[in-house]
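The values are calculated or read from the model by the stated rules, or taken from the named source; none is laboratory data. Quick caveat, the model's predicted, so the values are computed rather than measured. Cβ coordinates were reconstructed from backbone atoms using ideal geometry, including for glycine residues, and neighbour counts include every protein chain displayed. We work out accessible area using only protein heavy atoms, side chains counted, and drop any ligands, DNA or RNA first. Shrake-Rupley method; radii C 1.70, N 1.55, O 1.52, S 1.80 Å.
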Amino acid sequence: METESVQVMVVTPHPDDAEFGVAGTVARWVSEQKRVIYVVCTNGDKGTSDEGVSPEDLVKTREDEQTAAANLLGVKGVIFLRHPDQGLEDTPEFRKEIVRLIRLYRPETVVTADPYRRYVWHRDHRITGQVTLDAIFPYARDHLAFPDLMKEGLSPHKVKEVLLWGTEDVNHRSDITETFHVKLAALRCHRSQVGHIPAEELEKRLRERHQSFAEGENFSLAEAFHRVEILW
Ligand SMILES: [Zn+2]
């Protein structure tokens, strides 16, 4: 795994969330020569309705699917934190893991799940978003936060921009008209999650969703985010 700095870090709760949330934009960034890495927080071992699949086999399958999707998109690397699915908590240890990676890879932009979606929202999505926002500010920025990281040579880092998918408060639409087909192909790598949906049906559903996100824009397909610029 390279540790060269990147422009974009995507912090995803489960294998497949990043493809649903941001893969079209990732494909565009990669085409613009931006370096992107993925951090996958959980091992996804609860993500099946098939009672014949063991959690251990599911983890292996989902990591392979995530790696295939990332490779297809041109993502530089995938870091699997392997927390248990449905088991994330807002702890100093988890926060420190994210701070460590932000300081190591020094992204300008971090993309993750919006923790402020109301009511029915996967707990892992809520906690990933919250912990990532906290890790960005103030913990990654302040040298006195986790002082042992300084001793490891991981100096403070200021992230400039956060994009949150799954948001109810869209203020940023990213043009994925040219990369929609790449997003679709990346999503199809997650066979354990979308394999039961007929190919045309998946494309139709996805196209309708991204058309609706692009309403009012001068392009036809969009991914939608709440964007936060960090000025301090
Ligand atoms: Zn998820």
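State whether the residues of the stretch 181-201 include one that is in a strand (DSSP E or B), charged (D, E, K, R) and surrounded by 18 or more Cβ atoms within 10 Å (Cβ to Cβ).
No: the stretch 181-201 contains no residue that is in a strand (DSSP E or B), charged (D, E, K, R) and surrounded by 18 or more Cβ atoms within 10 Å (Cβ to Cβ).
Go through (1) open to solvent by 40 Å² or more (accessible area, probe 1.4 Å); (2) within 12 Å of the ligand (Cβ to nearest atom); (3) of a type outside the set (Phe, Trp, Tyr) and name the single condition residue 16 misses.
Of everything listed in (1) open to solvent by 40 Å² or more (accessible area, probe 1.4 Å); (2) within 12 Å of the ligand (Cβ to nearest atom); (3) of a type outside the set (Phe, Trp, Tyr), residue 16 misses just condition (1).
Identify the residue in the stretch 113-141 that is in contact with a Ser or Thr (Cβ under 7 Å, 6 or more places away or on another chain) and either free of Cβ contacts under 8 Å to residues at least 60 places away in the same chain or not in a loop (DSSP other than H, G, I, E, B) (or both) and, among all such residues, is nearest to the ligand (Cβ to nearest atom).
Residues of the stretch 113-141 that are in contact with a Ser or Thr (Cβ under 7 Å, 6 or more places away or on another chain), as a first pass: 113-114, 117, 124, 128-129, 132.
Going one step further and asking which of them are either free of Cβ contacts under 8 Å to residues at least 60 places away in the same chain or not in a loop (DSSP other than H, G, I, E, B) (or both), we end up with 113, 117, 124, 128-129, 132.
Details: 113: 8, 117: 12, 124: 6, 128: 8, 129: 11, 132: 14 Å.
Checking each candidate, the answer is 124.
So is residue 58 touching a residue at least 24 places away in the same chain (Cβ under 8 Å), in contact with an Asp or Glu (Cβ under 6 Å, 6 or more places away or on another chain) and assigned to a loop (DSSP other than H, G, I, E, B) or not? So that I can check it myself, show each step before the final result.
On the way: touching a residue at least 24 places away in the same chain (Cβ under 8 Å): yes; in contact with an Asp or Glu (Cβ under 6 Å, 6 or more places away or on another chain): yes; assigned to a loop (DSSP other than H, G, I, E, B): no.
So residue 58 does not fit the description; no.
Out of all the residues in the stretch 1-55, which are in contact (Cβ under 8 Å) with a residue 24 or more places away in the chain, polar (S, T, N, Q) and under 27 Å from residue 219 (Cβ atoms)?
Hits for the stretch 1-55 are 7, 12, 25, 31.
I'd like to check something: does the stretch 38-53 contain any residue that is away from the ligand (no atom under 16 Å from the Cβ), crowded, with 23+ Cβ neighbours inside 10 Å and under 13 Å from the mean Cα position of the chain (by Cα)?
Checking the stretch 38-53: not a single residue is away from the ligand (no atom under 16 Å from the Cβ), crowded, with 23+ Cβ neighbours inside 10 Å and under 13 Å from the mean Cα position of the chain (by Cα).
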